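Worksheet: the structure to be examined is printed underneath.
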Amino acid sequence: MLNLKKIKLAVITALFFPAITIAAEPVIEMPVKPIAAPTTQENMASLSKPQFSAKTSAAANEIADINERLAVLTARLAELELQSKIASKREEINKVNNPLSTTGADSFVPTVMDIDGVDGKLRASLYVQGGNTQSVRVGDKVGGWKVKEIKMDSVTVQKGKEVVRLGFGSYSPEPTANASGVGIPQLPR
């Protein structure tokens, strides 16, 4: 290694005597190949790009293609997740604005065909979706609704927090509030 005095001496000597240089170790000269001046755009582009083998280049292109597809798929997934959140919020708003109206199979509310029983053990026959009838007791489920109570003049069903009192023949969607504040539709008169 060179010490500080030798470095200072080499710098001063190189300044005053540029043709004479002092080096601590011999300098190895490496031959330099002159680069031909590029004459076309293609030659100029080839100098700016690193030279890879065909195998390396094909692998790099494949990785680039995969990265592009991955970016597109990630963007599509983000879009679908956002659309799902929007649909969920719209459904939530609809439930708040119209608590008794839903769509599809969830909107079906059974109607009472008849009620019978002995010694307080009542059973109700309900018209269900598709025009069929189903015989139920308290605790049974009908199309997502759970039978909470059967009286001689009505059947009370519940789905989630929604409680509906069913009368004979038809269902009226105009709710009235009971003591707990839960909306109950009017019975037909």
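Rule-based calculations on the coordinates, nothing more; no lab input. These numbers were taken from a predicted model, which means no experiment stands behind them.
Which of the pairs K121/K148; K85/K161; K85/K159; K85/K146; K95/K141; K95/K159 have their Cα atoms more than 20 Å apart in this structure? Walk me through the numbers on the way to the answer.
Numbers: K121/K148 13 Å; K85/K161 23 Å; K85/K159 24 Å; K85/K146 29 Å; K95/K141 22 Å; K95/K159 13 Å.
K85/K161; K85/K159; K85/K146; K95/K141, as the Cα separations exceed 20 Å there.
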With an 8 Å cut-off on Cα pairs and a minimum separation of 6 or more residues, tell me the relative contact order of the stretch 110-173 in percent.
29 percent
